[in-house]
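Visitor: Take this structure, written in structure tokens, and hold onto it; I'll ask about it next.
The values are calculated or read from the model by the stated rules, or taken from the named source; none is laboratory data. None of these values were measured; they are calculated from a predicted model. Cβ coordinates were reconstructed from backbone atoms using ideal geometry, including for glycine residues, and neighbour counts include every protein chain displayed.
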Amino acid sequence: MITVYLKERMKHALYFRHKRGFGVHSPFMFDFILNVIRDRRHRFVYPEEAEKCVGMGRRSRKFYRLLYRIAVCWKVHRVVSYMQDDRWIRLYLQGVTGEEGMKCNVRDCGEGVDMVYVAKDAWKFLEGKEYELLEGLGKGRQCVVISDIYRNAFNASLWQRLARKAQVRMDMMRFGILLFDEKLQQGSYHLMV
């Protein structure tokens, strides 16, 4: 598993040219990369309660801010997360979805779900049920974020299966973002945040 990770890390380092929008032909994706993923204009105001929390690492805060920006841009109403401790994601995304829009570790995440987050410990909740998850995803307009797409075998297999169905694949080495929307131009991007 380590040799596969190192191989993918080297490949990613060679191909992450889309970092500043170079080679991106889709106007939506160009804007998405520069103004949502990179937040070049600093136009997002994060939830005050989440920003004041102590105990969250710098890398985690950066990641949850990214999820917040994606949720605002994608105009999500329902989010399903598969993770053991969902307090940080709740703090950031409840401002977008409201209390009733956040679900954690539920079986049904098909229709009506705009965003799905699969954390590195999701195998504890999804093992044996991943086929149900895979069938429910990719129908309609959805965003799927999967952590540890190279280090975690369960998440890697989910990433590979879902990436075939997605219109847009964004490989960010530590995690991946899949966008399902028939209106989007097909594309695969290698980015670093």
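Visitor: Every residue in segment 163-172 that is of a type in the set (A, V, I, L, M, F, W, C) and either farther than 26 Å from residue 38 by Cβ or modelled with pLDDT of 90 or more (or both), please.
Guide: Within segment 163-172, 163, 166, 168, 170 qualify.
Visitor: Taking residue 82 and the conditions (1) in contact with a Phe, Trp or Tyr (Cβ under 7 Å, 6 or more places away or on another chain); (2) surrounded by fewer than 17 Cβ atoms within 10 Å (Cβ to Cβ); (3) modelled with pLDDT of 85 or more, which numbered condition does it fall short on, given that it satisfies the others?
Guide: Here residue 82 meets the rest and fails (2).
Visitor: Only residues in segment 179-193 that are farther than 17 Å from residue 159 by Cα and among the polar types (S, T, N, Q) count as the first member; pair them with residues that are at pLDDT below 90 and surrounded by 15 or more Cβ atoms within 10 Å (Cβ to Cβ), Cβ under 8 angstrom, at least 6 apart or cross-chain, and list the lot.
Guide: 185/26; 185/28; 185/29
Visitor: Which ones in segment 114-156 are at pLDDT 75 or above, small (Gly, Ala, Ser) and within 23 Å of residue 184 (Cβ to Cβ)?
Guide: Matches in segment 114-156: 140, 147.
Visitor: Pull out all pairs, ordered by first then second residue, where Cβ-Cβ is under 7 Å, the residues are six or more apart or on different chains, the first lies in segment 35-46 and is in a helix (DSSP H, G or I), and the second is surrounded by 10 or more Cβ atoms within 10 Å (Cβ to Cβ).
Guide: Going by the 7 Å Cβ cut-off, the qualifying pairs are 36/69; 36/70; 36/73; 37/66; 37/191; 37/193.
Visitor: In segment 134-157, is there at least one residue being of a type in the set (Asp, Glu), loosely packed, with under 14 Cβ neighbours inside 10 Å and in contact (Cβ under 8 Å) with a residue 12 or more places away in the chain?
Guide: Within segment 134-157, one or more residues are of a type in the set (Asp, Glu), loosely packed, with under 14 Cβ neighbours inside 10 Å and in contact (Cβ under 8 Å) with a residue 12 or more places away in the chain.
Visitor: Now a separate question. Sort through 111, 100 and tell me the only one that's out of contact with any Asp or Glu (no Cβ under 9 Å at 6 or more places or on another chain), in a loop (DSSP other than H, G, I, E, B) and at pLDDT below 90.
Guide: Values: 100 fails: in a loop (DSSP other than H, G, I, E, B).
Being out of contact with any Asp or Glu (no Cβ under 9 Å at 6 or more places or on another chain), in a loop (DSSP other than H, G, I, E, B) and at pLDDT below 90 holds for just one of 111, 100, which is 111.
Visitor: Does residue 127 qualify as being out of contact with any helix residue (DSSP H, G or I) (no Cβ under 9 Å at 6 or more places or on another chain), loosely packed, with under 15 Cβ neighbours inside 10 Å and among the charged types (D, E, K, R)?
Guide: no
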